[in-house]
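This report refers to the structure that appears directly beneath it.
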């Protein structure tokens with residue numbers, strides 16, 4: 001009997017990421033064959049077992065993928081008791097139960113992926129996923145060069161030092177500046193906290209790109225379906241192994257400096273030259289039937 005984890009089945013039916021589906025089980029909102037379940041792990045047979053969420057049977061949906069330009073004041077949440085506007089409220093005409101991949105806080109705007117693919121969501125939100133995310137940031141005041149360098153090197157926050165960032169000063173005026181910051185990690189309100197640590201307040205923050213995906217030509221509040229090649233690109237991003245080159249470089253023991261590359265190259269080229277000269281001489285001697293002495 002083929003079985004799958006309950007959270008995978010729920011995610012495939014459009015109930016959010018696997019972690020969100022685990023929360024549904026833990027809260028007692030899921031029943032299997034008429035019996036409420038609260039404990040994990042739990043295996044079910046989607047073809048035979050009757051799985052309900054909030055007493056309603058689940059049904060598999062076709063997987064859909066959208067890119068949304070989230071406006072300011074919109075929340076990335078499923079349930080909001082206060083009745084505030086959510087990202088899913090903007091997806092008019094979409095019949096499938098989609099949800100946001102990751103989060104943008106209510107004061108931030110920009111690129112947000114909306115989908116019902118729980119498997120992809122799980123991969124895109126995993127800490128090991130480090131696709132570059134680029135933000136256009138308006139700050140109060142004009143950061144000094146040393147402040148920009150600190151952003152590039154990493155800033156110490158409560159949970160540790162941030163990873164190095166790419167920072168460009170796009171425009172500066174008397175009382176404000178526009179920065180373009182690219183990160184490869186997704187800490188909560190990371191850019192705002194980094195700049196606050198350096199005494200700069202963020203006035204406006206927009207995520208403009210994630211990898212090669214962009215909100216260019218997409219107005220605020222609008223959305224569009226991702227193309228097949230864009231979906232494949234996202235899957236490739238989640239399947240590529242992380243770059244371990246920096247870690248490997250850092251594990252070289254101190255005090256054991258290797259021979260200079262230039263010196264190695266010189267010796268190798270010298271050996272190659274000597275071997276080439278010898279080989280040419282042998283061929284020439286054979287043509288003239290001359291026996292050369294052994295080395």
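Among the numbered criteria (1) in a loop (DSSP other than H, G, I, E, B); (2) outside the structural domain of residue 117 (by TED's automatic domain parsing); (3) surrounded by fewer than 17 Cβ atoms within 10 Å (Cβ to Cβ); (4) within 26 Å of the chain's Cα centre (by Cα), which single criterion is violated by residue 48?
All conditions pass for residue 48, except number (4).
Looking for whichever is within 23 Å of the chain's Cα centre (by Cα), closer than 19 Å to residue 133 by Cβ and modelled with pLDDT of 95 or more here; the options are 167, 155. Which one fits?
Sole residue among the options that is within 23 Å of the chain's Cα centre (by Cα), closer than 19 Å to residue 133 by Cβ and modelled with pLDDT of 95 or more: 167.
If you scan region 35-57, which residues turn out to be touching a residue at least 40 places away in the same chain (Cβ under 8 Å) and either under 30 Å from residue 233 (Cα atoms) or in contact with a strand residue (DSSP E or B) (Cβ under 7 Å, 6 or more places away or on another chain) (or both)?
We begin by selecting, within region 35-57, every residue touching a residue at least 40 places away in the same chain (Cβ under 8 Å); these are 43-48, 51, 53.
43, 44, 46, 51, 53 - these are the residues of region 35-57 that are touching a residue at least 40 places away in the same chain (Cβ under 8 Å) and either under 30 Å from residue 233 (Cα atoms) or in contact with a strand residue (DSSP E or B) (Cβ under 7 Å, 6 or more places away or on another chain) (or both).
Hey, residue 160 hits all of (1) touching a residue at least 24 places away in the same chain (Cβ under 8 Å); (2) closer than 23 Å to residue 102 by Cα; (3) out of contact with any strand residue (DSSP E or B) (no Cβ under 8 Å at 6 or more places or on another chain) but one; which does it fall short on?
All conditions are met except number (1).
Kindly check whether there is at least one residue in region 58-70 that is over 30 Å from residue 113 (Cα atoms), out of contact with any strand residue (DSSP E or B) (no Cβ under 7 Å at 6 or more places or on another chain) and part of a loop (DSSP other than H, G, I, E, B).
The answer is no, given that none of the residues of region 58-70 is over 30 Å from residue 113 (Cα atoms), out of contact with any strand residue (DSSP E or B) (no Cβ under 7 Å at 6 or more places or on another chain) and part of a loop (DSSP other than H, G, I, E, B).
Among the residues of region 117-125, is any modelled with pLDDT of 90 or more and either under 22 Å from residue 4 (Cα atoms) or not in a helix (DSSP H, G or I) (or both)?
Checked against the condition, which is being modelled with pLDDT of 90 or more and either under 22 Å from residue 4 (Cα atoms) or not in a helix (DSSP H, G or I) (or both), region 117-125 yields no hits at all.
Within region 129-160, restricting attention to residues that are surrounded by fewer than 13 Cβ atoms within 10 Å (Cβ to Cβ) and touching a helix residue (DSSP H, G or I) at 6+ places or on another chain (Cβ under 9 Å), which residue is farthest from residue 200 (Cα to Cα)?
Here the answer is 158.
I'd like to know if region 13-25 contains one or more residues that are in a strand (DSSP E or B), within 30 Å of the chain's Cα centre (by Cα), more than 30 Å from residue 138 (Cβ to Cβ) and without any contact (Cβ under 8 Å) to a residue 40 or more places away in the chain. Walk me through how you get there before you give the answer.
Start the filter on region 13-25 by keeping residues that are in a strand (DSSP E or B), which leaves none.
Within region 13-25 (the criterion being in a strand (DSSP E or B), within 30 Å of the chain's Cα centre (by Cα), more than 30 Å from residue 138 (Cβ to Cβ) and without any contact (Cβ under 8 Å) to a residue 40 or more places away in the chain), the answer is no, since none of the residues qualifies.
Given the criteria under 14 Å from residue 14 (Cα atoms) and outside the structural domain of residue 202 (by TED's automatic domain parsing), does residue 99 qualify?
Against the criterion (under 14 Å from residue 14 (Cα atoms) and outside the structural domain of residue 202 (by TED's automatic domain parsing)), residue 99 qualifies.
Is it the case, given these coordinates, that residue 171 is surrounded by fewer than 16 Cβ atoms within 10 Å (Cβ to Cβ), out of contact with any helix residue (DSSP H, G or I) (no Cβ under 8 Å at 6 or more places or on another chain), closer than 24 Å to residue 69 by Cβ and not assigned by TED's automatic domain parsing to the domain that holds residue 234?
Judged against the criteria, residue 171 is a match.
With the structure loaded, tell me whether residue 63 is in contact with a helix residue (DSSP H, G or I) (Cβ under 9 Å, 6 or more places away or on another chain) and under 15 Å from residue 16 (Cβ atoms) or whether it fails that test.
Yes; evaluated as a whole, the condition is true for this residue.
The values are calculated or read from the model by the stated rules, or taken from the named source; none is laboratory data. Note that the structure is predicted; figures quoted are calculated from it, not measured. Positions of Cβ are generated from backbone atoms using ideal geometry, with glycine treated the same way; all protein chains shown enter the neighbour counts.
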